[in-house]
1. If Gln201 satisfies all but one of (1) in contact with a strand residue (DSSP E or B) (Cβ under 7 Å, 6 or more places away or on another chain); (2) assigned to a loop (DSSP other than H, G, I, E, B); (3) modelled with pLDDT of 85 or more, what's the number of the condition it fails?
2. Would you check if Tyr301 is within 15 Å of Cys358 (Cα to Cα), hydroxyl-bearing (Ser, Thr, Tyr) and modelled with pLDDT of 90 or more?
3. Tell me whether region 171-183 contains one or more residues that are out of contact with any strand residue (DSSP E or B) (no Cβ under 9 Å at 6 or more places or on another chain), surrounded by 13 or more Cβ atoms within 10 Å (Cβ to Cβ), outside the structural domain of Val49 (by TED's automatic domain parsing) and at pLDDT below 85.
4. Note down all Cβ pairs under 8 Å where the first residue falls in region 65-81 and is in the same structural domain as Leu50 (by TED's automatic domain parsing), the second is among the aromatic types (Phe, Trp, Tyr) and part of a loop (DSSP other than H, G, I, E, B), and they're at least six residues apart or on different chains.
Amino acid sequence: MKKAADKFVRIFAAVLAVLSVSILLFTLVSTLFLNRTDKEWFGYKAFIVLSDSMSATDFSAGDLVFVRHVDPSTLQPGDIIAFTSRNDSNYGDTVTHKIRALTTTADGAPGFTTYGTTTDTDDEAVVPYSDVIGRYAGHLPKVGLFFTFLKTTPGYLLCIFLPFALLILSQAVQTVRLFRAYRREQAGAGDSDAFALPEPQSGAEIAARLAAGEDVTLQADTAFTDADGHCIDCVIAPGKAAALHLNGHRLKGTIQLADGAALTVHGKGMIQATARSHSRAGCPIYARGQGCRVDLYGGRYLGGAGSCAVCAAAGQVILHGGLYAVKGDSADHLLYSVGDGAITVEGGRFVGFDPAACLAPGRTTAAQETDKGILYVVKEL
């Protein structure tokens, strides 16, 4: 039923479009060419018959007659011509009558005696050659009535305005329907995405993608381990720039940066170190490559006991926000820089450690007592 209705609407709109354009063209033609002695259309002039003076033999009022230019000297009795009338009753009008005889005007100029076949009465004035518009070539019955009606206010409203208004309305309805269908599709797609299960991510896969400089969004809690459960390194390769979106999840392991590598971390969640060894520094973030850079905009960073939350052996680490802590009671090395490494604190919260020595210009710290010890909060001056 819906398909049939849609098909009907399309056909209706197409018919309206054709009808509207056709009538518009008819109106344009009638305005430019009908009843115009100075305009031709493909060599013909067209006039609307206003009376039944020729209805007995040839055409009637409301018909559309066509005339073609002719040399008046070639015309003969019996020919039908259109001419500009000099009769008192219709002076200046275009009249289409039959020639009864060749004659001359009062001035001696050649001309014609014309008459209407319905009354068989001669016209008052002789038609000189100069008043001849052309010879009758044919007619279209009652078409003139249609063109006459088009020029009236009711004709314009019914034949031009109404079809175009209906066409615009049908297209507007179709546009609204298409837009609603689009919104439903979008809503459906959104619902599908909302209930879709996240693609499974292994710690090894995440480590490999970060190392290659990709943007990674965590879909579940995970750890940097291989298929056998052994801890693996995540080292962002030289010159690669990676981004990690924690998305509310926990990642266990250490992210290290090689020469010229870059890392940005966003969102709520946690990165927690798992061990302390030669290859894993026991801290979540380890900048060890020359010229590397880390920007931490959020999240929590938990280092191992006696270790640190952020370590910079080279390069630069900028803390824009986040919470930083280590296991155990000692947080003396919570932020640890050595050699060419530098840590700059622009914001964040620090458990048991005052980052005053690392603060960016225009920043200060405020100490707060908590059940887990003193919490230092970085604020703007």
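1. Gln201 satisfies all of (1) in contact with a strand residue (DSSP E or B) (Cβ under 7 Å, 6 or more places away or on another chain); (2) assigned to a loop (DSSP other than H, G, I, E, B); (3) modelled with pLDDT of 85 or more except (3).
2. Values: within 15 Å of Cys358 (Cα to Cα): no; hydroxyl-bearing (Ser, Thr, Tyr): yes; modelled with pLDDT of 90 or more: yes.
When the stated conditions are applied, Tyr301 does not pass them.
3. First, pick out the residues of region 171-183 that are out of contact with any strand residue (DSSP E or B) (no Cβ under 9 Å at 6 or more places or on another chain): 171-183.
Subsequent filtering for residues that are surrounded by 13 or more Cβ atoms within 10 Å (Cβ to Cβ) retains 171, 174.
Now narrow it down to the ones that are outside the structural domain of Val49 (by TED's automatic domain parsing): 171, 174.
Within this subset, residues satisfying the condition of being at pLDDT below 85 are 171, 174.
Looking for residues that are out of contact with any strand residue (DSSP E or B) (no Cβ under 9 Å at 6 or more places or on another chain), surrounded by 13 or more Cβ atoms within 10 Å (Cβ to Cβ), outside the structural domain of Val49 (by TED's automatic domain parsing) and at pLDDT below 85, one finds at least one in region 171-183, hence yes.
4. If the second residue must be among the aromatic types (Phe, Trp, Tyr) and part of a loop (DSSP other than H, G, I, E, B), the pairs left are Val65/Phe59.
The values are calculated or read from the model by the stated rules, or taken from the named source; none is laboratory data. Small disclaimer: the values here were computed from a predicted structure and weren't measured. As a convention, Cβ positions derive from the backbone with ideal geometry for all residues, glycine included, and neighbour counts pool all protein chains shown.
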